[in-house]
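Working notes, beginning with the structure itself.
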Amino acid sequence: MVRAVDPTELTPTLHAWEVEAHGLRSRVGRRMAVDGLDLRLGKGVHGLLGPNGAGKTTLIRTLATILSPAGGTLELLGSPVSGKPDLRALRRRIGYLPQEFGYYPKFTVREFVEYMAWLKEVDKRDVAGEVQRAIERVGLADRAEDRMKTLSGGMLRRAGIAQAVVNEPDLLLLDEPTVGLDPAQRLEFRTLLRELGERSCVLVSTHLVEDVSAACTRVVLMTEGKSVFQGTPDEVVAAGGEGDIGDSPIERGYSALLAGAAR
């Protein structure tokens with residue numbers, strides 16, 4: 001049986017934690033969508049799994065400083081998110097892709113990513129090069145001058161990823177980033193994730209468990225606003241058995257962990 005990892009047993013080695021939360025609570029309306037969550041994330045790619053309504057999107061919005069914590073403590077990139085934090089300086093170091101993002105339909109892909117670079121206060125001398133690099137990383141170099149309104153759903157998603165990475169963030173938060181991507185694009189995205197995780201802390205919320213298995217170094221499993229498991233993909237696999245629901249070892253492990261949390 002795999003034991004859920006207690007975040008308090010984890011100790012940093014060569015760097016401070018990019019995300020450190022203790023008893024974190026975040027509210028959506030009257031509902032406490034994140035309720036007493038402990039979390040420590042360092043560099044690498046972290047997969048955020050859980051059923052609908054588990055609190056994944058609320059957690060990501062809180063880490064993106066869109067929602068203010070309703071309780072507990074939260075530090076991002078060494079800065080406490082409480083009192084009167086310098087959110088402007090912090091947001092320069094964060095990349096964020098929500099499930100649905102807004103854009104001006106008449107903007108070209110390049111104009112959209114340039115605009116987001118301006119909002120993130122990327123140095124003017126670096127904007128052109130960083131925008132081009134971000135567009136190339138997501139495979140949209142040949143569509144850079146196309147208007148956003150002409151893009152397919154998968155291409156729009158890739159443009160969203162480009163704006164999230166244009167400032168070379170230290171903390172990258174991606175909410176369902178592979179929605180609309182075809183299988184080949186998902187494979188390319190996994191490669192990009194692994195590359196980004198070499199220098200940044202990346203948190204990816206997804207329903208596609210296989211993406212977590214292929215691209216993530218660690219897994220956070222949430223249900224009912226709480227973290228019920230933190231560990232490696234191999235530990236998720238080891239939690240499952242032939243009698244558990246799923247078409248692959250990691251899906252069976254995911255199902256087993258959720259079932260165990262419900263008991």
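For the stretch 94-168, a simple Cβ point-charge model (Lys and Arg +1, Asp and Glu -1, everything else neutral) yields a dipole of about 220 debye relative to the Cα centre.
Its DSSP H runs of at least 4 residues, each contributing -39,500 (n - 2.57), put the calculated 222 nm mean residue ellipticity of the chain at -10500 deg cm²/dmol, to the nearest 500.
Inter-label distance, residue 263 to residue 115: 5.2 nm, where each label sits 7 Å from its Cα along the C-beta direction. Put simply, when 228-240, 112-124 are sorted by average Cβ atoms within 10 angstrom per residue, most first, you get 228-240, 112-124. The label point for residue 79 and the one for residue 146, both projected 7 Å from the Cα toward the Cβ, are 3.6 nm apart. The string of couplings for the stretch 23-39 from the Karplus curve (6.51, -1.76, 1.60, θ = phi - 60°) is x, 5, 10, 9, 10, 10, x, 8, 8, 7, 6, 10, 9, x, 8, 9, 7 Hz, one whole number per residue in order, with x for Gly and Pro. Compute the distance from the alpha-carbon center of the stretch 68-127 to that of the stretch 185-254, in whole Å. Using only Cα atoms, the two centres lie 25 Å from each other.
Each label was represented as a point 7 Å from its Cα along the Cα-to-Cβ direction; for residue 86 and residue 123 these points are 1.7 nm apart. Excluding same-chain neighbours fewer than eight residues apart, the lysines reachable from residue 149 by a Cα-Cα span under 25 Å are 106, 120. When only Cα pairs below 8 angstrom with a gap of at least 6 residues are kept, the stretch 9-117 shows a relative contact order of 26 percent. Tell me the relative contact order for the chain as a rounded percent, counting alpha carbon contacts under 8 Å between residues six or more apart. 25 percent. Taking a Cβ cut-off of under 14 Å around residue 210, the surrounding Lys, Arg, Asp and Glu residues balance to a net charge of 0, with basic ones at +1 and acidic ones at -1. With contacts taken as Cα pairs under 8 Å and at least 6 residues apart, the stretch 94-168 reaches a relative contact order of 48 percent. Placing R0 at 35 angstrom, the Cβ-Cβ distance between residue 31 and residue 191 gives a FRET efficiency of 0.40 after rounding to 0.05.
Per-residue 3J(HN,Hα) values for the stretch 47-52, derived from phi via the Karplus relation 6.51 cos²θ - 1.76 cosθ + 1.60 with θ = phi - 60°, read x, 10, 10, x, x, 4 Hz in sequence order (x marks Gly and Pro).
Only the coordinates and a few stated rules stand behind these numbers; no lab work does. The shown structure was predicted, so the numbers you read here are calculated from the model rather than taken from an experiment. As a convention, Cβ positions derive from the backbone with ideal geometry for all residues, glycine included, and neighbour counts pool all protein chains shown.
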